[in-house]
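The values are calculated or read from the model by the stated rules, or taken from the named source; none is laboratory data. Since the model is a prediction, treat every value here as computed from it, not as a measurement. Cβ coordinates were reconstructed from backbone atoms using ideal geometry, including for glycine residues, and neighbour counts include every protein chain displayed. Each accessible area value is taken on the protein alone, full model and side chains, heavy atoms only, with ligands, DNA and RNA left out. Shrake-Rupley method; radii C 1.70, N 1.55, O 1.52, S 1.80 Å.
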Amino acid sequence: FFGNVVLLPLWLQQWMGYTATWAGLAMAPVGLLAIVLSPLVGRNVGRVDPRRLATVAFLGFALVLWMRSRFTVQAPFETILWPTVLQGAAMAFFFIPLQAIIFSGLTPEQLPAASGLSNFVRITAGAMGTSLFTTVWEDRAVLHHAHLAERVNDGNAAAQLALAQLGASGQTPEQAWSTIHRLLDQQAYTAAVTDLFALSSLMFLALIGLVWLTRPKRAAAPVDAGGAH
């Protein structure tokens, strides 16, 4: 989750030409559906099995990340925006049910320690996930760049045509090759980030099974002080 949250704005700013403002605008709508749906989820988390709610979240994240795995360097702003809007709905079903599962069956005395442990694990895992994803992104980009660069040679008609067009526009051979190199980098990093989006989509689907291995306990019904024993 945190790895993908970090990757998208990095890709937009470094390789899609977005400013920090426009990258922020592309990410901002994530809160719209989350604000609307979170109160609804909070009111029903005690009545509905939280594993069902978490399953909805994980399916939503899988769909959002699959949509992002279809991005290209020609993706318009609207194409990038819609998965972000849908991600807000998944987030509403994500944090509250998982917290309900984590704290299920604990006594009031155990809650502070459980909360501290939960926060520690979440922050640590988020930092590790972010580091792993950015590292894998770089490695996959190098691999894709190598595969693309193999095709840019004297025997490739498209490459020679592109160099000729760049030269006709006034660029020197060195400038033309620099432009080609930049285009290859853009394609390579885009292919790498979509690889990670697709992998993340599959991981969220697989994690649904892990959610259902938990056995959350339902909260006991309140006792009637007038005569219940």
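One table, with the values for the structure above:
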read-out	value
Count of residues meeting criterion [within 30 Å of LYS217 (Cβ to Cβ), charged (D, E, K, R) and without any contact (Cβ under 8 Å) to a residue 60 or more places away in the chain] in the range 28-86	3
Residue match in the range 149-171 (condition: within 30 Å of GLY105 (Cβ to Cβ) and of a type in the set (D, E, K, R))	no
Tally of residues being farther than 19 Å from ALA191 by Cβ and among the aromatic types (Phe, Trp, Tyr) across the range 64-87	2
Positions within the range 159-192 being open to solvent by 60 Å² or more (accessible area, probe 1.4 Å) and under 27 Å from GLU138 (Cβ atoms), in sequence order	GLU174, GLN175, TRP177, SER178, HIS181, ARG182, LEU183, GLN187
Listing of helices (runs of 4 or more DSSP H) fully contained in the range 1-73 that carry 2 or more residues being within 15 Å of ILE208 (Cβ to Cβ) and open to solvent by 70 Å² or more (accessible area, probe 1.4 Å)	50-68
From LEU161, LEU183, residue being at pLDDT 90 or above and of a type outside the set (S, T, N, Q)	LEU183
Positions within the range 111-140 being of a type in the set (S, T, N, Q) and touching a residue at least 12 places away in the same chain (Cβ under 8 Å), in sequence order	SER115, SER118, THR130, THR134
Residue under evaluation GLY170, criteria (1) assigned to a helix (DSSP H, G or I); (2) without any contact (Cβ under 8 Å) to a residue 24 or more places away in the chain; (3) among the small types (Gly, Ala, Ser), criterion not met	(1)
Scan of the range 92-107 for residues that are among the hydrophobic types (A, V, I, L, M, F, W, C) and closer than 11 Å to VAL56 by Cβ, ordered by number	ALA92, PHE93, PHE94
Unique residue being surrounded by 14 or more Cβ atoms within 10 Å (Cβ to Cβ), at pLDDT 95 or above and closer than 19 Å to TRP15 by Cβ when the list is ASP195, ASP139	ASP195
Residue check, GLN13 closer than 22 Å to ALA192 by Cα, in contact with a helix residue (DSSP H, G or I) (Cβ under 6 Å, 6 or more places away or on another chain) and either of a type outside the set (Phe, Trp, Tyr) or without any contact (Cβ under 8 Å) to a residue 60 or more places away in the chain (or both)	yes
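Residue-wise test of (1) farther than 19 Å from GLY3 by Cβ; (2) outside any loop (DSSP other than H, G, I, E, B).
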residue: GLU109; (1), (2): yes, no
residue: MET128; (1), (2): no, yes
residue: PHE133; (1), (2): no, yes
residue: LEU148; (1), (2): yes, yes
residue: GLY155; (1), (2): yes, no
residue: GLU174; (1), (2): yes, yes
